[in-house]
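The structure appears right after this line, and notes come after that.
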Amino acid sequence: MPAERRSHVRHRTKVETLWVSITGTNSKSPVRIRDISRGGARLEMDNPAVAGERVRIKLRTVMEAQLVYVQPTPEGKWLAGCKFDKDLSEEELKVLVRVAEPAVMPSRI
């Protein structure tokens, strides 16, 4: 069994927000954050993306990240793991983990 490579604990969450590609062709679109840690997140998207793609994700602030993997789901969605360029602070993480209801979609990234 491979050793765990993550250096931060993951937390389940129900955050709905927006993301935009920096290096690819995907325009601003909705994304659901299924779990999050200080160093990255697992995203659920309606449209495919490409592993290695650089993105901006609207959290409490705009975070830049790189997609590490992208895989389709049986429901026709896409799951992607991303690594943040800069770790979230403990306070930022606590706020995001506490979110129980989907957030209002931000209008700008």
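The values are calculated or read from the model by the stated rules, or taken from the named source; none is laboratory data. Predicted model, so just to flag it, every value in this text is computed and none were measured. Using ideal geometry, Cβ is built from the backbone for each residue, glycine included, and neighbour counts are taken over all protein chains shown.
Observations, loosely collected:
- Test for residue 49: is it in a loop (DSSP other than H, G, I, E, B) and surrounded by 14 or more Cβ atoms within 10 Å (Cβ to Cβ): yes
- Condition check for residue 18 on (1) in contact with a Pro (Cβ under 8 Å, 6 or more places away or on another chain); (2) hydrophobic (A, V, I, L, M, F, W, C); (3) modelled with pLDDT under 90: one failure, at (3).
- The residue of region 22-31 that is nearest to residue 95 (Cα to Cα), among those that are touching a residue at least 24 places away in the same chain (Cβ under 8 Å) and surrounded by fewer than 18 Cβ atoms within 10 Å (Cβ to Cβ), is 30.
- Residues that are under 12 Å from the mean Cα position of the chain (by Cα) and either outside any strand (DSSP E or B) or among the aromatic types (Phe, Trp, Tyr) (or both) within region 52-77 comprise 59, 69, listed in sequence order.
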